Amino acid sequence: MTNTQTVQFPADTLERVHKIIKRYPEGKQKSALLPILHLAQAEWRWLSPEVMDYVAGLLNIKPIEVYEVATFYTMFHLEPVGEHVIEYCRTGPCCLMGGGEVYDHLKKKLGVDTGGTSADGKFTVKEVECLAACGWGPVFQIREKYYMNLTTEKVDAIIEELSK
Amino acid sequence: MKILTQHIDVPGIETIDVYRKHGGYSAVEKAIKTMAPDEVTEEVKKSGLRGRGGAGFPVGMKWSFLAKPEGVPRYLVCNADESEPGTFKDHYLMMKSPHTLIEGMIVSSYALGANTSYIYVRGELMYVINILEKAIQEAYDKGLLGKNILGSGYDLDLFVQPGGGAYICGEETALLESLEGKRGNPRNKPPFPAVKGLYQCPTVVNNVESIAATSWIVNNGGEEYAKIGVGRSAGTKLISVSGHVRKPGVYEIPLGITVEDFIYSDEWCGGIRDGHKLKAVVAGGSSVPILPAELILKTTNGENRLMTYESLSDGGFATGTMLGSGGFIVMDETTCIVHNTLTFARFYHHESCGQCSPCREGTGWMDKVIHRIEHGKGRMEDIDLLVDVAKKIEGNTICPLGDAAAWPVAAAIRHFRDEFEWHVKHPEEATKPGAVFMREGASWTL
Ligand SMILES: Cc1cc2nc3c(=O)[nH]c(=O)nc-3n(C[C@H](O)[C@H](O)[C@H](O)COP(=O)(O)O)c2cc1C
Ligand code: SF4
Ligand code: FES
């Protein structure tokens, strides 16, 4: 899907990239790496080596500097993922709030294990650590949106909505 | 007494007009027009405000350590990484009332002489980042940010930086590395950020709640702030409550109320959920020692435990805990302590940056050993092995994540050893879904 020729942000995103770089002092443009990787992931869903090389070029840094960072932070997908990535919190407080049952239901419904993608390619399910919403758990996030106080019924409704 | 959340439920408070109608940005006007930067720092010192990110270091004192070499920029960086399990107070404050943080950022940056400041927010909270950026734009449009703020000659640019999903970036030097576009590996100290921080320039890193509190202090004076609370625990604190209470959520409390009141009064948590009893509490985020019901409510001297730095730590680690970040996790008698400890051990194993071997290897071992106990494959020696591993990590690492990983495991065994032993002795029973050990005669047994 992504080879070097086609990897290029649309013009408005490129404009945002240049604005972001200006947030930092002269010569410190590497600081823009995380924000730009987020933009790249929003554009291409996951960070292929080609995408990372493109980002390195934009920031005038070495590709290895991008790989080092992309592999350190858990939000970045380094393999292809489904259309919707569901990231559910597995940490203690969410378990106390009934997370176990809700997440089992989610995985059963989609027929996937943690880390897996549903057969139709629509959903990838990932386990993550605390999302800073513990008292509103169980919780998962799909891209920028938080889904909180989850119940098995709510999960059904969300999946139905997104399957349309 | 509410300082940070007084207007938080006012409709539209996230917009600058409504925020200003409720007195917002008066601290910026007062500080910039009528006070010298050092006078602001002086008020913050007098207030007794302590860092709300977990360590409780006095904010004014930290500010006074900032190096001020001529011609070198200084930075204020707000720590909104909030990744400590149990903690979601900064999330709540920023999401509901972004201007409360922005106002504090302007006042604090002015005091420190910073002309560029950053708010580092965990990347998962992208929707909160959008809320903050919108509010920052409003502040620029009203001349409260940018060049020559309110005609004073003071310039400030404020930016939001997203993280990428890594608990360790809450540690202040890892955060600075991350803000420089690198992996979040904590730095060796010294040098401290106050001397060499962001881009090797003098930098102050403070928590969201610490920074937000400075506006009230400027408006009302440090002495007024110091009057709230008890002794060295001055002011109010946001407590985020999760687990088995009737009303989980975020509460702003005056420091000094009793733990019992906090848990059982309708003003706060409203008690344990119906038909259940309190078993244990983790009072300050996953890193602090867990305490059983008796010890969280009363100290060993029989005194009521208070929601203060001092009272919660009364008894040291033998019988006390810490206020930490205010992540208050409540567990009733249906909670399996071994399982809960496993999720914490797994968390620290997952989040260790891997730079130091005691932390990298030790967190892995603890995760693995508790995992096998929880899954009915444990041995009696494993329990002491865990204590031993925890001891070997403690104090032997570059950053405090190692300690933060060791303490919860050591404390769970200290107070609930019989529960670990029961898992080892009765693997079949212990691995049944929902099975929980009931200690004979314990106050939480139904
Ligand atoms: C592993 C680790 C994670 C931390 N996470 C946070 C955090 O999410 N938010 C925070 O404010 N402080 C966090 N801290 C504490 C910071 O290092 C630092 O002390 C704090 O931001 C200083 O601000 P304060 O004095 O206003 O509390 C963490 C520390 C460690 C060791
Ligand atoms: S203690 Fe752990 S997290 Fe901290 S620097 Fe060492 S390995 Fe990294
Ligand atoms: S434990 Fe799930 S959001 Fe914190």
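The number of residues in segment A:1-52 being at the interface with chain B (Cβ under 10 Å from one of its Cβ atoms), part of a loop (DSSP other than H, G, I, E, B) and surrounded by fewer than 18 Cβ atoms within 10 Å (Cβ to Cβ) comes to 4. Only a single item in (1) buried (at least 20 other Cβ atoms within 10 Å of the Cβ); (2) part of a strand (DSSP E or B); (3) within 14 Å of ligand 3 (Cβ to nearest atom) is not met by A:Cys130, and it is number (2). Within segment A:57-70, identify whether any single residue is of a type in the set (Lys, Arg) and either free of Cβ contacts under 8 Å to residues at least 24 places away in the same chain or within 16 Å of ligand 1 (Cβ to nearest atom) (or both), and answer yes or no. Yes - at least one qualifying residue is present in segment A:57-70. Filter segment B:64-116 down to the residues that are farther than 30 Å from A:Trp136 by Cα and among the small types (Gly, Ala, Ser), then identify the one that is farthest from ligand 1 (Cβ to nearest atom). Filtering segment B:64-116 for residues that are farther than 30 Å from A:Trp136 by Cα and among the small types (Gly, Ala, Ser), the one farthest from ligand 1 (Cβ to nearest atom) comes out as B:Gly71. Restricting segment B:28-53 to residues that are surrounded by fewer than 24 Cβ atoms within 10 Å (Cβ to Cβ) and among the small types (Gly, Ala, Ser), the residue that is nearest to the chain's Cα centre (by Cα) is B:Gly51.
So, restricting to helices (runs of 4 or more DSSP H) that lie completely within segment B:1-76, which ones have at least 1 residues that are within 16 Å of ligand 2 (Cβ to nearest atom), within 14 Å of another protein chain (Cβ to nearest Cβ) and closer than 21 Å to B:Tyr118 by Cα? Hits in segment B:1-76: none.
Residue-wise test of (1) of a type outside the set (A, V, I, L, M); (2) under 12 Å from the mean Cα position of the chain (by Cα); (3) farther than 30 Å from B:Arg273 by Cα.
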| position | (1), (2), (3) |
| --- | --- |
| A:Ala42 | no, yes, yes |
| A:Leu47 | no, yes, yes |
| A:Glu50 | yes, no, yes |
| A:Phe72 | yes, no, yes |
| A:Glu83 | yes, yes, yes |
| A:Gly115 | yes, no, yes |
| A:Tyr146 | yes, no, no |
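Test B:Asp81 against the stated conditions and say whether it is within 14 Å of chain A (Cβ to nearest Cβ) and among the charged types (D, E, K, R). Taking the combined requirement at face value, the residue satisfies it.
Among the numbered conditions (1) part of a strand (DSSP E or B); (2) among the aliphatic types (A, V, I, L, M); (3) closer than 15 Å to A:Thr151 by Cα, the only one that A:Val125 does not meet is (3). Within segment B:268-275, is there a residue that is of a type in the set (D, E, K, R) and either crowded, with 21+ Cβ neighbours inside 10 Å or in a strand (DSSP E or B) (or both)? Checking segment B:268-275: not a single residue is of a type in the set (D, E, K, R) and either crowded, with 21+ Cβ neighbours inside 10 Å or in a strand (DSSP E or B) (or both). Among the residues of segment B:390-402, is any of a type in the set (Asp, Glu), surrounded by fewer than 24 Cβ atoms within 10 Å (Cβ to Cβ) and within 16 Å of ligand 2 (Cβ to nearest atom)? Within segment B:390-402 (the criterion being of a type in the set (Asp, Glu), surrounded by fewer than 24 Cβ atoms within 10 Å (Cβ to Cβ) and within 16 Å of ligand 2 (Cβ to nearest atom)), the answer is yes, since at least one residue qualifies. Annotation note: Cβ proximity below 6 Å between a residue of segment A:118-139 that is closer than 30 Å to B:Pro248 by Cα and a residue that is within 16 Å of ligand 1 (Cβ to nearest atom) and of a type in the set (Asp, Glu) (sequence gap 6+ or interchain) occurs for A:Leu131/B:Glu124; A:Ala132/B:Glu82.
Among the residues that make up segment A:148-157, is at least one of them in a helix (DSSP H, G or I), within 16 Å of ligand 1 (Cβ to nearest atom), outside the structural domain of A:Lys22 (by TED's automatic domain parsing) and in contact (Cβ under 8 Å) with a residue 12 or more places away in the chain? There is no residue in segment A:148-157 that is in a helix (DSSP H, G or I), within 16 Å of ligand 1 (Cβ to nearest atom), outside the structural domain of A:Lys22 (by TED's automatic domain parsing) and in contact (Cβ under 8 Å) with a residue 12 or more places away in the chain. For segment A:71-108, which residues satisfy the criterion of being in contact with a helix residue (DSSP H, G or I) (Cβ under 7 Å, 6 or more places away or on another chain), more than 9 Å from chain B (Cβ to nearest Cβ) and in a loop (DSSP other than H, G, I, E, B)? Correct list: A:His77, A:Leu78.
The values are calculated or read from the model by the stated rules, or taken from the named source; none is laboratory data. Worth saying up front: this structure is predicted, and the values here are computed from it rather than measured. We place every Cβ from the backbone using ideal geometry, glycine too, and count neighbours over all the protein chains shown.
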